[in-house]
1. For A:Thr94, are the conditions met, namely being facing chain B (nearest Cβ under 7 Å) and free of Cβ contacts under 8 Å to residues at least 24 places away in the same chain?
2. So in the range B:59-82, with the set limited to residues that are of a type outside the set (Ser, Thr, Tyr) and open to solvent by 50 Å² or more (accessible area, probe 1.4 Å), which one is farthest from B:Asp18 (Cα to Cα)?
3. Among the strands (runs of 3 or more DSSP E) contained in the range A:35-91, which hold 1 or more residues that are closer than 28 Å to B:Ser5 by Cβ and touching a residue at least 40 places away in the same chain (Cβ under 8 Å)?
4. Select from the range A:72-101 the residues that are in contact with a strand residue (DSSP E or B) (Cβ under 7 Å, 6 or more places away or on another chain) and more than 30 Å from B:Ile47 (Cβ to Cβ) and write down the one among them that is most open to solvent (accessible area, probe 1.4 Å).
5. Taking the range A:1-33 as the search range and keeping residues that are assigned to a loop (DSSP other than H, G, I, E, B) and modelled with pLDDT of 95 or more, which one is least open to solvent (accessible area, probe 1.4 Å)?
6. Return yes or no: is A:Phe104 open to solvent by 30 Å² or more (accessible area, probe 1.4 Å), aromatic (Phe, Trp, Tyr) and at the interface with chain B (Cβ under 8 Å from one of its Cβ atoms)?
7. Name every residue in the range B:1-56 that is among the aliphatic types (A, V, I, L, M) and either in a strand (DSSP E or B) or more than 9 Å from every other protein chain (Cβ to nearest Cβ) (or both), in order of residue number.
8. Looking at A:Ser84, A:Ser80 in this structure, which one is in contact with a Ser or Thr (Cβ under 7 Å, 6 or more places away or on another chain), away from every other protein chain (no Cβ under 14 Å) and among the hydroxyl-bearing types (Ser, Thr, Tyr)?
Amino acid sequence: AQSVSQHNHHVILSEAASLELGCNYSYGGTVNLFWYVQYPGQHLQLLLKYFSGDPLVKGIKGFEAEFIKSKFSFNLRKPSVQWSDTAEYFCAVTISGNTGKLIFGQGTTLQVKP
Amino acid sequence: GAGVSQSPSNKVTEKGKDVELRCDPISGHTALYWYRQSLGQGLEFLIYFQGNSAPDKSGLPSDRFSAERTGGSVSTLTIQRTQQEDSAVYLCASSGQGAYGNQPQHFGDGTRLSIL
C-alpha cells in the first residue's frame, strides 16, 4: 500500500535557524505532492503543492520544497524560521488519476523558540 | 463564510450511542472528503464523494460508519454504536473540479468526538 513517511516527529529550533523537514513516499507511479500546515487552534492549510514541472516549488510564508523523483522525496525547507512558524506540518500525496484522497505522513511538530 | 463548515465542533457521547457529524463544503466544490485525525493513527482517509458518482468508501473502518451527501452539497457522517476507539477529530475537506488528485483540498475545523 502507498505510504508517506516523515522522519522528524518533533523539531525544536531557535528563530532565524534554517529548517528542513524530510518526507518520503512509497509509490512507483505518478503522484501529486503537498505540504499542509496546522497552526495551533486552526484548521489544516495548504502550504505548497507539486503536480508537474519545476521540481522546486515555492509556497506561502517563505517555504519551499523540492521533489526528487529518484529518491521519492519531497522535503520542506525554509531558510530562516520565525516564532510564528510553530505548528504541525504534514506531508501528503495523492495518486494521479485516483480519487484524489490524500495519504498523509504522521506529521512533524515544529517548535520555534523566540 | 467562504470556508468548509463543520458541526458540531465538539461532541461528547456515551459508548453505544449513534452520532451524526455534518459538513458544509465550499460552494461550487464538487469533491468532498472525510478524514479522521487520531493520536495513534494520524490522519486517515475515510470516504470521498464526487458529484453523482458512487462514493469511494474504501477508508471506512467498519460497517458502523456511513456517510451520505445530499444534493451534491452537505454531507453527514454517521457512526452507529460508538466505541471508545472512535474518539478522534473528524475532518471534512472539499475541492474544485479538475484532474483527479491535483486540486488542493480545503479543510474545515473538524469535529472533536469523545466517547465516554
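1. Numbers: facing chain B (nearest Cβ under 7 Å): yes; free of Cβ contacts under 8 Å to residues at least 24 places away in the same chain: no.
Spelling it out, it is not the case that A:Thr94 is facing chain B (nearest Cβ under 7 Å) and free of Cβ contacts under 8 Å to residues at least 24 places away in the same chain.
2. Within the range B:59-82, the match that is farthest from B:Asp18 (Cα to Cα) is B:Gly71.
3. On the way: elements: A:45-50, A:56-58, A:64-68, A:73-78.
Filter on the range A:35-91 gives A:45-50.
4. From the range A:72-101, those in contact with a strand residue (DSSP E or B) (Cβ under 7 Å, 6 or more places away or on another chain) are A:72-78, A:81-83, A:85-96, A:99-101; that's our starting set.
Filter once more, so that each one left must be more than 30 Å from B:Ile47 (Cβ to Cβ): A:75, A:77-78, A:81-83, A:85-86.
Working: A:Asn75: 38, A:Arg77: 62, A:Lys78: 15, A:Val81: 3, A:Gln82: 97, A:Trp83: 152, A:Asp85: 3, A:Thr86: 39 Å².
The selected residue is A:Trp83.
5. The first filter runs over the range A:1-33 and keeps only residues assigned to a loop (DSSP other than H, G, I, E, B), leaving A:1-2, A:7-9, A:15-18, A:22, A:27-30.
Imposing the further condition that a residue be modelled with pLDDT of 95 or more reduces the set to A:15-18, A:22.
On the way: A:Glu15: 87, A:Ala16: 70, A:Ala17: 31, A:Ser18: 82, A:Gly22: 9 Å².
Residue satisfying both the conditions and the ranking: A:Gly22.
6. Working: open to solvent by 30 Å² or more (accessible area, probe 1.4 Å): no; aromatic (Phe, Trp, Tyr): yes; at the interface with chain B (Cβ under 8 Å from one of its Cβ atoms): yes.
So A:Phe104 does not fit the description; no.
7. From the range B:1-56, those among the aliphatic types (A, V, I, L, M) are B:2, B:4, B:12, B:19, B:21, B:26, B:31-32, B:39, B:43, B:46-47, B:54; that's our starting set.
The answer is B:Ala2, B:Val12, B:Val19, B:Leu21, B:Ile26, B:Ala31, B:Leu32, B:Leu39, B:Leu43, B:Leu46, B:Ile47, B:Ala54.
8. Values: A:Ser84 fails: in contact with a Ser or Thr (Cβ under 7 Å, 6 or more places away or on another chain).
Result of the check over A:Ser84, A:Ser80: A:Ser80.
The values are calculated or read from the model by the stated rules, or taken from the named source; none is laboratory data. Remember, predicted model here, so these are calculated numbers, not experimental data. Don't worry about glycine lacking a Cβ; one is built from the backbone with ideal geometry, like all the others, and counts go over all protein chains shown. These area figures cover heavy atoms from the full protein model, side chains too; ligands, DNA and RNA do not enter into them. Shrake-Rupley method; radii C 1.70, N 1.55, O 1.52, S 1.80 Å.
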